[in-house]
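The values are calculated or read from the model by the stated rules, or taken from the named source; none is laboratory data. Because the structure is a prediction, the values reported are computed rather than measured. Here the Cβ is made from the backbone with ideal geometry for all residues, glycine too, and neighbour counts use every protein chain on show. Keep in mind that these areas ignore ligands, DNA and RNA; they rest on the heavy atoms of the full protein, side chains included. Shrake-Rupley method; radii C 1.70, N 1.55, O 1.52, S 1.80 Å.
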Amino acid sequence: MNIKLGDLCKIQAGGTPSRSKQEYWNKGEIPWVKIGDIESKYLNKTSEFITDEGLKNSSAKKIEKGSILYTIFATLGEVCINNIDVTTNQAIAGITLKDDKVYIDYLYYFLKSLKNYVNAIGRGVAQNNINLTLLRGFDVPVPDKNRQLIIAQSLSNIEKMINNKKQQLSEYDQLIKSRFVEMFESFEKTDLSNIAEIIMGQSPDSAYYNENGVGLPFFQGKADFGAKYTNVSYWTTKPSKTAKKGNVLMSVRAPVGPVNISSVDCCIGRGLCSINAIPNKTNNEFLYNALITIQDQITAMGTGSTFKAINKSDVYAIKLPLAPISLQNEFANFVEQVDKLKFENELLYCVNRFTRIKQTKLVCYKGVTL
């Protein structure tokens with residue numbers, strides 16, 4: 001049996017009180033959720049608070065604890081259960097059960113399973129989004145409650161496995177950072193522009209965008225990549241600024257600082273810059289890890305009231321260790337060995353996860369397995 005999400009739940013979007021009104025924010029005690037606050041299954045705290053006046057004089061709404069928070073703008077499909085009464089900004093919908101037909105944990109995992117689907121239907125050139133009408137129209141498979149409980153418990157166990165594996169992988173990354181500091185902290189620093197070729201991104205005309213794999217992959221910003229890998233959302237048949245496979249990509253606006261190594265030749269938009277090692281002076285593995293090590297410093301360089309950004313001069317002036325290329329190559333070999341360990345760990349996890357999923361027949365939504 002399928003039931004519309006809007007029939008199962010009360011669904012409402014939030015809002016942002018005017019930032020120019022100090023009385024809406026100063027000494028506020030009402031938790032106010034932003035997308036960045038959604039970090040795990042349960043939300044227990046927020047980074048900002050609003051006042052009663054801010055609540056009364058904005059479109060923000062109170063969402064009682066035990067509801068689901070679901071992102072509908074920019075970053076789509078992030079989901080959590082709030083353990084405290086909250087308000088949210090307009091990028092987050094509050095989903096509160098109307099009755100006990102559905103377990104909250106079951107609904108959480110169902111909505112979590114829709115992330116790829118939601119990103120596909122909400123994709124936009126400027127900002128990804130879905131509206132509340134679309135959200136209310138989602139068909140929720142509603143088996144009997146015993147079945148819901150089995151599904152929720154099985155997925156909870158899998159999620160614990162995922163979190164444990166993420167922790168192990170994080171420890172590998174920390175090992176690389178520690179090794180980097182150990183090998184290079186004693187060297188004098190030089191401007192990034194002295195050891196790398198830098199290209200600041202420039203978005204091509206939107207008329208040349210497509211989602212059909214025609215032309216060169218186009219990456220607009222951090223949302224298009226994860227560490228060392230890229231996720232293609234758009235292509236362009238008339239690229240402007242381009243980066244080569246193996247170049248370091250760094251986000252220079254909203255947010256500032258995250259980096260990756262591109263797995264393909266690509267066109268880069270204004271949110272990115274390309275950094276490529278100058279032969280015999282440095283290598284990209286060194287640059288990538290050097291920038292990760294000082295990411296907090298780079299982020300702190302960002303300026304702007306609407307969103308944070310750094311400019312060409314800022315990027316050129318980033319200070320990195322001036323180390324011998326032989327030592328950089330030694331470090332790159334070390335990273336390669338650690339990456340092999342990470343890959344073996346990830347492969348073992350995937351086999352275990354596939355086995356667990358096969359053992360539990362879970363409901364599907366438009367071809368997506370919960």
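The set of residues from segment 67-104 being touching a Cys at 6+ places or on another chain (Cβ under 8 Å), open to solvent by 10 Å² or more (accessible area, probe 1.4 Å) and either closer than 15 Å to I38 by Cα or in a loop (DSSP other than H, G, I, E, B) (or both) comprises just one member, K98. Restricting to strands (runs of 3 or more DSSP E) lying wholly in segment 245-347: which have 2 or more residues that are in contact with a Leu (Cβ under 6 Å, 6 or more places away or on another chain) and not hydrophobic (A, V, I, L, M, F, W, C)? Ranges flagged: none.
From the list L322, L272, the one residue that fits, being open to solvent by less than 30 Å² (accessible area, probe 1.4 Å) and in contact (Cβ under 8 Å) with a residue 24 or more places away in the chain, is L272. Beta carbons closer than 7 Å, at least 6 apart along the sequence or on distinct chains, pair a first residue in segment 115-127 that is within 13 Å of S233 (Cβ to Cβ) and among the charged types (D, E, K, R) with a second that is at pLDDT below 80 and open to solvent by less than 70 Å² (accessible area, probe 1.4 Å) for R123/S233. All conditions in (1) touching an Asp or Glu at 6+ places or on another chain (Cβ under 8 Å); (2) closer than 30 Å to N311 by Cβ hold for K177, with the sole exception of (1). Would you call L107 within 30 Å of Q153 (Cα to Cα), in a helix (DSSP H, G or I) and among the hydrophobic types (A, V, I, L, M, F, W, C)? So L107 fits the description; yes. Check segment 240-256 and report whether any residue there is surrounded by fewer than 23 Cβ atoms within 10 Å (Cβ to Cβ), farther than 24 Å from V335 by Cα and either aromatic (F, W, Y) or touching a Phe, Trp or Tyr at 6+ places or on another chain (Cβ under 7 Å) (or both). Yes, the conditions are met somewhere in segment 240-256.
Scanning segment 224-235 for residues that are at pLDDT 90 or above and surrounded by fewer than 19 Cβ atoms within 10 Å (Cβ to Cβ) gives no hits. Among residues of segment 25-46 being closer than 19 Å to N163 by Cβ and among the polar types (S, T, N, Q), the one that is most open to solvent (accessible area, probe 1.4 Å) is N44.
Mind counting the residues in segment 328-362 that are open to solvent by less than 40 Å² (accessible area, probe 1.4 Å) and at pLDDT 55 or above? Qualifying residue count, segment 328-362: 7.
Looking at I3, is it of a type in the set (A, V, I, L, M) and either within 17 Å of N83 (Cα to Cα) or at pLDDT below 90 (or both)? The answer is no for I3. Restricting segment 6-58 to residues that are touching a helix residue (DSSP H, G or I) at 6+ places or on another chain (Cβ under 7 Å) and in a helix (DSSP H, G or I), the residue that is farthest from S156 (Cα to Cα) is E23.
Within segment 130-150, the residues that satisfy the criterion of being modelled with pLDDT of 90 or more, surrounded by 12 or more Cβ atoms within 10 Å (Cβ to Cβ), closer than 19 Å to Y70 by Cβ and of a type in the set (V, I, T) are V140, V142. Among residues belonging to segment 286-303 that are open to solvent by 40 Å² or more (accessible area, probe 1.4 Å) and out of contact with any strand residue (DSSP E or B) (no Cβ under 6 Å at 6 or more places or on another chain), point out the one that is farthest from A254 (Cα to Cα). Ranking the qualifying residues of segment 286-303, first place goes to T293. The number of residues in segment 44-86 that are among the hydroxyl-bearing types (S, T, Y) and more than 22 Å from the chain's Cα centre (by Cα) comes to 4.
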